[in-house]
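J.: Below are the structure tokens for one structure; questions will follow.
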């Protein structure tokens, strides 16, 4: 029967292995599915992001079925903590949708931020519709007057969720959310 010191040693070894397995994902932002860029300016943080995913035949089929395809991005402003969990300062939902009208053969694309429709427009171009879902998020002024401390390090984390999630459609990324982040230092 193992002694307490052996159990503690095994527990520490397991914790270190778990920590080391998480480091490559955090240390390699170039491999992120969601690329994030922040620009702190005049008391607000402008956020640009892009979901690095190509349009596949499976996604094209899902869009052309007439279902509303929704990509929801959760954009969190966080401050790193040395000892405990990182603190979320502010969070916003950015939703991009596309619905294909099978009669007119046009796409209706829209962007919704925190439940408010920012814009909505029809398009004939499949590429424009796909860009509205994945690329068209430049300099979004999401964080105005957030309580930030000067000379402190923060980061913006963007996680992507897709809808519908149905077994009939095979999405090209795993069931886990795609995530990206960008660090910055707030200077006054």
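The numbers here are math on the coordinates, done by the rules we state, and not lab data. These figures come from a predicted structure and were not determined experimentally. Cβ coordinates were reconstructed from backbone atoms using ideal geometry, including for glycine residues, and neighbour counts include every protein chain displayed.
J.: Could you compute the FRET efficiency for residue 128 and residue 44, with r as their C-beta to C-beta distance and R0 at 35 Å, rounded to 0.05? Don't jump to the answer; show the numbers that get you there.
T.: Numbers: r = 28 Å, r/R0 = 0.81.
Efficiency computed from Cβ-Cβ geometry: 0.80.
J.: OK, next. For residue 93 and residue 106 in one chain, what is 0.36 nm times their gap in residues minus the Cα-Cα distance, to one decimal in nm? Numbers along the way, then the final one.
T.: Numbers: separation 13, 0.36 × 13 = 4.68 nm, distance 2.61 nm.
Working it through step by step, the gained length comes to 2.1 nm.
J.: When the Cα centres of segment 73-89 and segment 146-160 are compared, how far apart do they sit, in Å?
T.: Computed from Cα coordinates, the inter-centre distance equals 7 Å.
J.: A further question on this structure: In nanometres, what is the gap between the two model label sites at residue 61 and residue 138, each 7 Å from Cα along Cα-to-Cβ?
T.: Between residue 61 and residue 138, the label points sit 3.4 nm apart.
J.: Modelling each spin label as a point 7 Å along the Cα-to-Cβ direction, I'd like the residue 68/residue 151 distance in nm, to one decimal.
T.: Placing both labels 7 Å along Cα→Cβ, they lie 4.9 nm apart.
J.: Order by neighbour count: 130, 119, fewest other Cβ atoms within 10 Å first, most last. Could the numbers behind the result be given before it?
T.: Details: 130 21, 119 11.
The order, fewest Cβ neighbours first, is 119, 130.
J.: Fewest to most neighbouring Cβ within 10 Å: what's the order for 72, 121? Present the calculation step by step, with values, prior to reporting the outcome.
T.: Details: 72 16, 121 11.
The fewest-first ordering by Cβ neighbours comes to 121, 72.
J.: Tell me the volume per residue, in Å³, of the convex hull enclosing the alpha carbons of segment 35-133. Intermediate results must be reported in sequence, preceding the final value.
T.: Details: hull volume 13.6 nm³, N = 99.
Convex hull of Cα atoms, per residue: 137 Å³.
J.: Gain in length, residue 114 to residue 52, computed as 0.36 nm per residue apart minus the alpha-carbon separation, to one decimal in nm? Present the calculation step by step, with values, prior to reporting the outcome.
T.: On the way: separation 62, 0.36 × 62 = 22.32 nm, distance 2.28 nm.
Stretched fully, the residue 114-residue 52 segment lengthens by 20.0 nm.
J.: How big is the gap, in Å, between the Cα center of segment 98-117 and the Cα center of segment 34-61?
T.: The distance from the Cα centre of segment 98-117 to that of segment 34-61 comes to 18 Å.
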